[in-house]
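Have a look at the structure below, then the notes.
What follows draws every value from the coordinates through simple rules; no lab data is involved. Just so it is clear, the structure is predicted and the values come from calculations on it, not from any experiment. Cβ coordinates were reconstructed from backbone atoms using ideal geometry, including for glycine residues, and neighbour counts include every protein chain displayed.
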Amino acid sequence: MKISVLGATGAMGGFVIKAALQEGFSVENKVSSKDNIENLFRNVDAVIDFSCPLATEAMLRCVRNERKQIPLIIGTTGLSKMHLELMKECARHVQVFYSPNMSFLIAILNMAMYAMAKLLDEDFDVEILDVHHKLKKDAPSGTALMFGKTIAKARRREFSDVANFVRYGIIEQRRRGEIGFTVQRCSNVIGTHEVSFMGEFENIKLKHEAHSKEIFAKGAVQAAKWIVKQPNGVYTMNDFTKDMIVPMVKSLYKDFFSHQRDME
Ligand SMILES: NC(=O)c1ccc[n+]([C@@H]2O[C@H](COP(=O)([O-])OP(=O)(O)OC[C@H]3O[C@@H](n4cnc5c(N)ncnc54)[C@H](OP(=O)(O)O)[C@@H]3O)[C@@H](O)[C@H]2O)c1
């Protein structure tokens, strides 16, 4: 496959180039802030973007306005509703893959999050912590927001009604169903997320720690291979992993319950 990288001079861009070459791709165009965004679309099968919201917007506007037919894999975080609307408009004529976290394990955890929120009612208070390096510009992290939205969806609540991003000074007491966010930005932490379901008598904490940014780059490269075979539309990691994980989970629980019977 031939790809372009937007944000090529950045930390993630470097890992994407490395992962793409390891996969046997050729990296045709490396674009950063000094380049013309149009360069992304020269002679490639897909564009992988890990840049910043402004650059992602410029790329999306270009694809929409000029009806470019090059699939996009977007890993940039801190995007707004406007970006999501632009993605939808582009998806009328091209495939758009977007995930604030391209790690496969995070995708599994996101599914686990949904199950936990379904199994545990709102008597369990949810708190989401994200810890990242001090250069990260957006907060909470895209992944923390994704987990929060998954939990709100499982509980059939509007995310904007239950999310609490600010606690300072005299605050109201906790509302039922509230999802609280805590952000730490320090040192060179690649990315840690911890979601706590806090009950009156017991807690469950789900935690993911990234040890290298390479996991996100490898995920994006796999997503690029997958998305070129899909029809036009907006896709997320859930779509990418669904085919693989759902049958696995079904057979897993079949095994689990038959094992329980064996023990009786
Ligand atoms: N989805 C995921 O799994 C995942 C994982 C990790 C990080 N991320 C996200 O990926 C993004 C990049 O992270 P990073 O750590 O690589 O950041 P970074 O090191 O600061 O790199 C940013 C890149 O974007 C380019 N850029 C900035 N403004 C631009 C513009 N106006 N037009 C074109 N290019 C522009 C920079 O080019 P210059 O060098 O020319 O300034 C640089 O190449 C962030 O949003 C981060 O949160 C996502």
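Taking Lys and Arg as +1 and Asp and Glu as -1, the other residues whose beta-carbon sits under 15 Å from that of residue 16 total +1. Once backbone amide H atoms are built at 1.01 Å from N, residue 95 has 72, 233 as its partners under 5 Å, excluding neighbours fewer than 5 places away on the same chain. Derived scalar couplings between HN and Hα for the range 124-136 equal 8, 7, 9, 10, 10, 10, 10, 10, 9, 4, 6, 8, 5 Hz in order, rounded to whole Hz, by the Karplus curve 6.51 cos²θ - 1.76 cosθ + 1.60 (θ = phi - 60°), x for Gly and Pro.
Put simply, the amide H of residue 181, placed in the peptide plane, has neighbours under 5 Å in 128, 164, leaving out anything fewer than 5 places away on its chain.
The fraction of all Cα pairs in the range 184-241 landing in successive 5 Å bins from 0 to the largest distance is 4, 13, 17, 15, 15, 14, 13, 6, 3, 1, given as whole percents. Kirkwood radius and radius of gyration were both taken over the C-alpha atoms of the range 104-210, and their ratio Rg/Rh is 0.96. For a paramagnetic label modelled on residue 54 (point 7 Å from Cα along Cα→Cβ), amide N atoms under 18 Å away belong, within the range 1-34, to 6-11, 31-34. For the range 119-196, chymotrypsin sites (Phe, Trp or Tyr not before Pro) meeting the loop criterion (DSSP other than H, G, I, E, B) and having at most 14 other Cβ atoms within 10 Å: 165, 168.
Where does the charge balance sit around residue 61 when Lys and Arg score +1, Asp and Glu -1, over other residues with C-beta under 11 Å from its C-beta?
Working: positive: 64, 68; negative: 57, 66, 89.
Around residue 61, the charge tally is -1.
When Rg and the Kirkwood Rh are both derived from Cα coordinates, the Rg/Rh ratio for the range 134-185 amounts to 1.00.
The Cβ shell under 14 Å around residue 99 holds other residues with a net charge of +1, Lys and Arg each +1, Asp and Glu each -1.
Restricting to the chain, what percent of DSSP beta bridges are antiparallel, rounded to 5? If you can, show how the numbers build up before the last one.
Working: 15 of 42 bridges.
Here the share of antiparallel DSSP bridges comes out near 35 percent.
Taking the alpha carbon gyration tensor of the chain, what are the square roots of 5 times its eigenvalues, largest first, to the nearest whole Å?
Values: eigenvalues 227, 106, 60 Å².
Its equivalent ellipsoid spans semi-axes of 34, 23, 17 Å.
For the range 18-32, putting each phi into the Karplus relation 6.51 cos²θ - 1.76 cosθ + 1.60 with θ = phi - 60° gives couplings of 4, 5, 5, 5, 4, 7, x, 6, 10, 9, 7, 10, 10, 10, 9 Hz, in residue order, rounded to whole numbers and with x for Gly and Pro.
The modelled label-to-label distance between residue 112 and residue 36, using points 7 Å beyond Cα along the C-beta direction, is 4.8 nm.
Which loop-located trypsin sites (Lys or Arg not before Pro) does the range 154-219 contain, where loop means any DSSP state but H, G, I, E or B and the Cβ has at most 13 other Cβ atoms within 10 Å? Intermediate values should be presented prior to the final figure.
Details: sites: 155, 156, 157, 167, 174, 175, 176, 185, 205, 207, 213, 218; in loops: 155, 156, 157, 167, 174, 175, 176, 213.
Here the trypsin sites (Lys or Arg not before Pro) that fit, given the DSSP loop and packing criteria, are 156, 167, 174, 175, 176.
All C-alpha pair distances within the range 1-89, sorted into 5 Å bins from zero, spread as 3, 15, 29, 26, 17, 8, 1 percent across the bins.
With n ≥ 4 as the cut-off for DSSP H runs, can you work out [θ] at 222 nm for the chain, using -39500 (n - 2.57) per run divided by the number of residues, rounded to the nearest 500? Before the final figure, lay out the partial values.
Values: 8 runs with 109 residues, N = 264.
That calculation yields -13000 deg cm²/dmol at 222 nm.
With both residues required to sit in the range 104-210, DSSP beta bridges show an antiparallel share near 60%. The alpha carbon centroids of the range 78-156 and the range 1-61 are separated by 23 Å.
Taking 0.36 nm per residue of sequence separation and subtracting the Cα-Cα distance, how much length would be gained by fully extending the chain between residue 137 and residue 93, in nm to one decimal? Kindly include the intermediate steps, with their values, before the conclusion.
Details: separation 44, 0.36 × 44 = 15.84 nm, distance 3.15 nm.
Here the segment from residue 137 to residue 93 would lengthen by 12.7 nm.
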